[in-house]
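*Asks:* Pasting in a structure now, in structure tokens, and then I'll have a few things to ask.
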Amino acid sequence: MDFKGFDKNIAIDQEEVLRPKMVTVEIAGKKYQVPEGITVIKALWYSGQEVIRGAGCLGGFCGACATYYRTKDDPKVRTCLACSTAVEDGMSFTMVSPFPARKATYQLSELKDPKQDLFNLYPEAPLCRNCNACTEACPQGIDVRDGVWKAVFGDFKGVSEMFMDCVMCGLCVPVCIADIAPNLVALYASRAQGAFFTEKPKRLHERIDEIAQGQYQSEWEKILNMDEQQLKDVCAAIK
Amino acid sequence: MQLQALQELVHKTRDARRNQTLPKYSPAERDTLIKKYHPDHRENAYRPLKFGPNAGDKTVRELAALLEGDSPVSAELDLMPTSSTDVLVVGGGGAGCAAALHAHAHGAQVLLATKLRLGDSNTVMAQGGIQIAITKEDSPVQHFLDTLKGGHMKNDHRLLKTMVEEGPTIAKWLLDLGVLFDRDPDGNLHVKKGGGSSKPRLLTCSDYTGLEIMRVLKDEVLNQKVQLLEFSAAVELLSDGDGACTGAILQDLDNKHYMVVAAKTVILATGGIGRLHIQGFPTSNHYGATGDALPMAYRLGAKLLQIDTFQYHPTGAVYPEQLVGALVTEGIRSEGGHLVNAKGERFVNELDTRDVVSSSIIRECEEGRGVRTVTGRLGVWLDTPLLDVESGLGTLEKHFPAMVRQFKRYGIDITKDPVLIYPTLHYQNGGVQIDVNGESGVRNLFVAGEASGGLHGRNRLMGNSLLDLMVFGKRAGTTAAERAKAMKHGKLTLEHLARFRAEARKHTGALAVHSPMLFPDYARKE
């Protein structure tokens, strides 16, 4: 690209980023030098590793890259998504292998009493011992423990609102001392909320009927019988 | 100059800009702008294909190499099937899951293979919403016309009419599966206005629409016990030697072994090409977006459409470096966010179509009105704090929690400061030519979603991709399942490959690359 006439004053000066500073990180027990500030997943690539299990959307949405990490001299092991966390000097991390959580399978349309059915599908859900480890493990900052209790007490609406941010990384699962899979419980509650406890949108059903009854037929015929120029003119006139 | 000082100009000019209305460009102005600045018009980035169904058609060099590429599979491979199914779905994103669910519901035996995990896709990242004409003021016909205009009149009319008409039943299907769309106080579905649309038509789940839909579809695929093969990539298709597709060869990515799958029908739902980084662009796409369907279908003789046009989403992050290429949702502009150049001026109607907005951002940067970051990237400002100014404190936090979170991770508060953006490679406008049931030019080979072409013309409108996936995933799944019921498995051969290789030898001297690519090669070698 040609950037002639570019104003030199309009530039963000941060010399240290121009010449990346190298930092030492420990990846699954082995030390590597990587540029400071790159994401954890890029540090893995930089170290020469190919990542297939653990790379997904790379945008913080799919939950594939769940990672445990610890920063220098801090005993606390934290969780993050590798695609959206920057490395720093002295950081050690390892990606989390998929955890064998049990997902209950069900036919949504055949549920009779979804709030009660929760206890058949996930009998461990009410056994939460309030340790709060799930909440601490959530890289999305969801109050997971509260969500589990809301599900148990039938506040599916509350659950669905809290868990809209959930990327299903599953980091809440291995830490649970009651063997609950909070993300799966929440997903069940959210789906049930949508399918059973949310108003049917009237306007949508009217539109479905209108289309089925052929209400737009004459308009379609008019449009589809136009020649290219006529159609172009119609489109050009759209505001 | 420091970042803060430059941002200051955005803050200072905000009030003046609020009173300003920028007209949209006339059709003639749009054409001139796009021809001059849109990456689709950079001649030297393109070359004609030398052979195959699209011989002579131009496409970007990166894709041309893959289309003319060689299969990794040897002609001597033993084609004794390792498994057999009615319908083989390749790809585990929105289109793949929709296809698998509908095929399953129509009584077919379904095998879904995906090279990453079920649900790892671009679908999961879609923030803007799904376009469905449901309000009284709106109609499927209006949706059709808006899309046609956005696509520069090059959309396939039949595909487009099918999509807009089936939108409302798709919304119902998703609601029945438990998808939680945003509502109005009266219980109706809330609609937002998207770029290039004349009416508010976007159904949303805050700015997590794709995530919410993907979470539910993935869960439903598991509930229906659809047979799954994760970390298994399709690398070649099989044919009966008589022009029909009869299965595929998958590669287990853990042990590299090939699996031969005999299938009565195959549905390719492998998504787009962002990770080819065409023309060196960063991308908003997921790790596996390497366009696998295109070379496989091409070798089998399927014609591709509009493979010379790609969508560069106007607002990809350019700062901080960790977020380069990541998408800043169009929702910000839908809700009134301004694009501002280094002089503190607006330069385009922010709700114009994506190609127009992208072209105008590139124009600003090339003409010296861009802001340069330390890593040498150029961009313009997206005035995010304006939304809180216009609609009250907390607006961003409430409507764009994903974006607030994304930047907060790097110490940037988008409710207080604007963000730097530049177009990012976002979508493959074209793809494999299909009919209204998703069937390609090759019998029993279906293609759904971004891998297919024709529906969006030369520019896709925001919110039409999610609908595309659901409508054509459904139609491909349904048709493939019904077809499979009435037929037997075909012969399994690689005859098409022998023909393709013979033709390749005539045209290319050098050894071709292997395709599909499967993954970008990011691991450092030295």
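The values are calculated or read from the model by the stated rules, or taken from the named source; none is laboratory data. Here the structure is a predicted model, which means the values were calculated and not measured. Backbone-built Cβ (ideal geometry, glycine too); neighbour counts: all protein chains shown.
*Asks:* Pairs please, first residue from the range B:225-238 and outside the structural domain of B:Ile267 (by TED's automatic domain parsing), second anywhere and crowded, with 22+ Cβ neighbours inside 10 Å, Cβ atoms under 6 Å, 6+ apart in sequence or on different chains.
*Replies:* none
*Asks:* I've got another one for you. With in contact with a strand residue (DSSP E or B) (Cβ under 6 Å, 6 or more places away or on another chain) and under 22 Å from A:Ala64 (Cα atoms) as the only criterion, which of A:Cys169, A:Cys176, A:Cys138 stands out? Steps first, please.
*Replies:* Working: A:Cys176 fails: in contact with a strand residue (DSSP E or B) (Cβ under 6 Å, 6 or more places away or on another chain); A:Cys138 fails: in contact with a strand residue (DSSP E or B) (Cβ under 6 Å, 6 or more places away or on another chain).
Going through A:Cys169, A:Cys176, A:Cys138 in turn, just one is in contact with a strand residue (DSSP E or B) (Cβ under 6 Å, 6 or more places away or on another chain) and under 22 Å from A:Ala64 (Cα atoms): A:Cys169.
*Asks:* Output the number of residues of the range B:111-143 satisfying the condition of being within 12 Å of another protein chain (Cβ to nearest Cβ), part of a loop (DSSP other than H, G, I, E, B) and over 19 Å from B:Ala451 (Cα atoms). Full working, then the answer.
*Replies:* Going residue by residue through the range B:111-143, those that are within 12 Å of another protein chain (Cβ to nearest Cβ) are B:114-127, B:132-143.
This time we only want the ones that are part of a loop (DSSP other than H, G, I, E, B), so: B:114-122, B:126-127, B:132-139.
Now restrict to residues that are over 19 Å from B:Ala451 (Cα atoms): B:127, B:132-139.
Result for the range B:111-143: 9.
*Asks:* Going through B:Val87, B:Val141 one at a time, which residue ends up being over 30 Å from B:Phe400 (Cβ atoms) and crowded, with 24+ Cβ neighbours inside 10 Å?
*Replies:* On the way: B:Val141 fails: crowded, with 24+ Cβ neighbours inside 10 Å.
Of the residues listed, the single one that is over 30 Å from B:Phe400 (Cβ atoms) and crowded, with 24+ Cβ neighbours inside 10 Å is B:Val87.
*Asks:* Filter the range A:81-96 down to the residues that are assigned to a strand (DSSP E or B) and away from every other protein chain (no Cβ under 14 Å) and list them by number.
*Replies:* As a first pass, look at the range A:81-96 and keep what is assigned to a strand (DSSP E or B): A:81, A:86, A:92-95.
Of everything in the range A:81-96, those that are assigned to a strand (DSSP E or B) and away from every other protein chain (no Cβ under 14 Å) turn out to be A:Ser92, A:Phe93, A:Thr94.
*Asks:* Go over the candidates B:Asp86, B:Asp156, B:Asp146, B:Asp182 one by one and state the one that is more than 9 Å from every other protein chain (Cβ to nearest Cβ), under 22 Å from B:Asp435 (Cα atoms), among the acidic types (Asp, Glu) and in contact with a Ser or Thr (Cβ under 8 Å, 6 or more places away or on another chain). Show your work before the answer.
*Replies:* Working: B:Asp156 fails: in contact with a Ser or Thr (Cβ under 8 Å, 6 or more places away or on another chain); B:Asp146 fails: more than 9 Å from every other protein chain (Cβ to nearest Cβ); B:Asp182 fails: under 22 Å from B:Asp435 (Cα atoms).
Within the list B:Asp86, B:Asp156, B:Asp146, B:Asp182, the selection yields B:Asp86.
*Asks:* Would you please list the contacts, defined by Cβ atoms under 6 Å and residues six or more apart or on different chains, that run from a residue in the range B:496-507 that is surrounded by fewer than 16 Cβ atoms within 10 Å (Cβ to Cβ) to a residue that is of a type outside the set (A, V, I, L, M, F, W, C)?
*Replies:* B:His507/B:Lys50
*Asks:* When the residues of the range B:327-346 are filtered to those that are more than 24 Å from B:Leu393 (Cα to Cα) and buried (at least 24 other Cβ atoms within 10 Å of the Cβ), which remaining residue is modelled with the lowest pLDDT?
*Replies:* Ranking the qualifying residues of the range B:327-346, first place goes to B:Ala342.
*Asks:* Being in a loop (DSSP other than H, G, I, E, B), over 25 Å from B:Val404 (Cβ atoms) and at pLDDT 95 or above is the requirement here; does A:Lys103 meet it?
*Replies:* yes
*Asks:* Ok, one more. Answer yes or no: is there a residue in the range B:380-388 that is touching a Cys at 6+ places or on another chain (Cβ under 6 Å) and either crowded, with 24+ Cβ neighbours inside 10 Å or within 11 Å of chain A (Cβ to nearest Cβ) (or both). It would help to see each step written out before you state the result.
*Replies:* At the first step, the residues of the range B:380-388 found to be touching a Cys at 6+ places or on another chain (Cβ under 6 Å) are none.
Within the range B:380-388, none of the residues are touching a Cys at 6+ places or on another chain (Cβ under 6 Å) and either crowded, with 24+ Cβ neighbours inside 10 Å or within 11 Å of chain A (Cβ to nearest Cβ) (or both).
*Asks:* Taking the conditions exactly as written (assigned to a loop (DSSP other than H, G, I, E, B), away from chain B (no Cβ under 11 Å) and acidic (Asp, Glu)), does A:Asp179 satisfy them or not?
*Replies:* On the way: assigned to a loop (DSSP other than H, G, I, E, B): yes; away from chain B (no Cβ under 11 Å): yes; acidic (Asp, Glu): yes.
Yes.
*Asks:* I would also like to ask the following. Are any residues in the range B:1-24 of a type in the set (D, E, K, R), touching a residue at least 40 places away in the same chain (Cβ under 8 Å) and away from every other protein chain (no Cβ under 14 Å), and if so, which ones? It would help to see each step written out before you state the result.
*Replies:* Just the residues of the range B:1-24 that are of a type in the set (D, E, K, R), to begin with: B:8, B:12, B:14-15, B:17-18, B:24.
Going one step further and asking which of them are touching a residue at least 40 places away in the same chain (Cβ under 8 Å), we end up with B:12, B:14, B:17-18, B:24.
Across the range B:1-24, the qualifying residues are B:Lys12, B:Arg14, B:Arg17, B:Arg18.
*Asks:* Among (1) surrounded by fewer than 22 Cβ atoms within 10 Å (Cβ to Cβ); (2) at pLDDT 95 or above, there is one condition A:Ile238 misses while meeting the rest; what is its number?
*Replies:* Looking at each condition in turn, A:Ile238 falls short on (2).
*Asks:* Just name the residue that is farthest from the chain's Cα centre (by Cα) out of those in the range A:196-235 that are loosely packed, with under 14 Cβ neighbours inside 10 Å, of a type outside the set (Asp, Glu) and facing chain B (nearest Cβ under 7 Å).
*Replies:* Top of the filtered list is A:Leu224.
*Asks:* I want to confirm something. Restricting to the range B:405-433 and keeping residues that are within 11 Å of another protein chain (Cβ to nearest Cβ) and of a type in the set (A, V, I, L, M, F, W, C), which single residue is farthest from B:Asp182 (Cα to Cα)?
*Replies:* Top of the filtered list is B:Leu420.
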